[in-house]
1. Taking 0.36 nm per residue of sequence separation and subtracting the Cα-Cα distance, how much length would be gained by fully extending the chain between M192 and A330, in nm to one decimal?
2. Compute the length gained on full extension between S374 and R247: take 0.36 nm times their separation in residues and subtract their Cα-Cα distance, giving the result in nm to one decimal.
3. Label points 7 Å out from Cα along the Cβ direction at T93 and T443: separation in nm?
Amino acid sequence: MTRMGRFMPRSLGGQLLALLLLALVVTQTLSLILLADERNRAVRAALGLEAAGRAANVVLLLDEAPADLRSSILRAANSPLVRFSIAPEPEATHDSDDSRGVRDQITQILGRDDRTIHVDIHALTFPAPQSLIDVPPDMRAMHEAMMASQPEAVEMTLSIALPGGEWLNVRTMFQRPGPQLSPQALLPVFLMILSLGLITTWTVGRVVRPIRALAESADRLGRGLTTNPLDEAGPSEIRATMRAFNRMQDRVTRHSSERAQMLAALSHDLRSPLTAMRLRIALLDETEDSLRLGALVDDMQTMVEGTLDYARGVAQAEPLVAIDLAKLLADLVSDVGPGKAVLSAQGPILATVRANSITRALRNLIDNAVSYGSQARVTLRAEPDALVIDIADAGPGLPEDQLETVFEPFTRAETSRNRETGGSGLGLAITRAIIQAHDGTVTLSNGVDGGLVAKVRLPRDDMSGSA
C-alpha cells in the first residue's frame, strides 16, 4: 500500500468524498492565492498612484510659489515613507517597466505632457541601503517602527523636471500587502465544502447502499443461504447489476430446487428395490454370500440417506429457536460415555440455531474426535462477535494438505474402505453445510501439542449471549 493509500478511507464513499474535498481544497487554495496576488498588485498600484498624485500636486505648488517658500512646501509634503527634495540631478535615472501608469497619472494632473518624468520602481532588499535611512530626525522613530514589519517593501523613486533645470526627487516605500483572508472571505469556501460534503454523501449513498446489499446477498448465496431479491434501485448501471444478480439467483435457486426434487424422487425409487432386496435376502439361508449381500445393501442404504441429507441441506429445513449451547454440548459430551470427552464452558450461553441440525453437526465433530483421537476436549466461549466452539482430540492430526479436502463429499481421512471405521465420507461435508447454513464457519488445524482441533464459529445476534 502506498503512503497516501494508508491515509485514505477504506470505503468507496469515504474515498470519493475525501478525493472531492481534496480537489475542492486545492482549487480554492489556488484561487485564494491568485486572488491575493491580484489584490496585492491592485494595492501596490493604488499606493503608487497615490504617491504620484501627491508628487504632481507638489509640482504644481512649486511652479506657482516663490522660491523662498519651497523649503516649507517640501517639509509639509514629507512623511515617514515619502520624502521630497529638490536637486540639480534626477535620482531616478531610468524608467521601470511597470511605471507607465504612474507617469500617466502625473501627466494628467499636471495637464501637460512636455514635462520630463522618470519613474523607478523596484523591490527593496533588507537591510535597507544607507540612503533610505536618511529620514528627518523627527520622523526616524516612526519610520523604523513602520518598516520593522515590512520585509517585502517596494521602493519608488520619482524625478520630475522643474523650471530652471532643477528636479523634484520623490522617494517612497510601501509594503507589499500580505494575505487578506477575512472570515467573510472564508465563509463561502466553508459553505461550499459543507454543501459538497452533503451532496456527495447523499450521492455516494445511492451507489454504496445497493453495492453493500449486493455483496451481502452474494455472500449469502455463496454459502447456500436463501435471500430475498434485491431492489433494483440507484443509477442505471447499479440497477442493471441488481437485475443480473436477481436473474442469476433465481436460476441457481431453481436449479437447486430441481436437484433436490430429482434426488427425492431417486430416493423414493431406490428405497423400494433396496427394501425388496433386503426381504429376499432375509428369505435366503444364512450363508457367507447372503451376509455379504446384506452388508452391501446396508452400505447402499447408508450412502443414499447420507447423499440425500447433504443434497437437501438439512440445516435449512427447521425453524430457528433459541437454545442453551452449553447445555447442548454437555448432553453431547455425556452421550459419548464417561472419560471420553470433557467440556469447558463459560456458563449458560444462548444461541439462535436450528436445534436438530446443529446437534447433528456438533455430535459428528465430537464423535470424530473420540473415534480418531481417543478423547474430545470441548471448549465453548463467547467472543464479541461470535460463539466459538473448539473440539480438540489427542490423535495424530492430519497432514496440512488434507485439512481442507476432508470437508469435500466422499473424502475420508481414514484410508480403509471399512464403513464401520471410516463412514461414507459425507459426515464433515454435511457438518460444514449445516454450520454454513447458520452463517458460521468450521475449520480444522493441528494442535500445538499434537492432535486435531475443529473450530466452529457461530455469529452472535440479539438473542445470543450469556443467560
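1. Net length gain for the segment: 43.4 nm.
2. Net length gain for the segment: 40.8 nm.
3. Rounded to a tenth, the inter-label distance reads 8.6 nm.
All of the numbers you see were taken from the coordinates with simple rules; none came from a lab. Being a predicted model, the structure only gives us computed values, none of them experimental. Cβ sites come from the backbone with ideal geometry, for glycine too, and all protein chains shown count toward neighbours.
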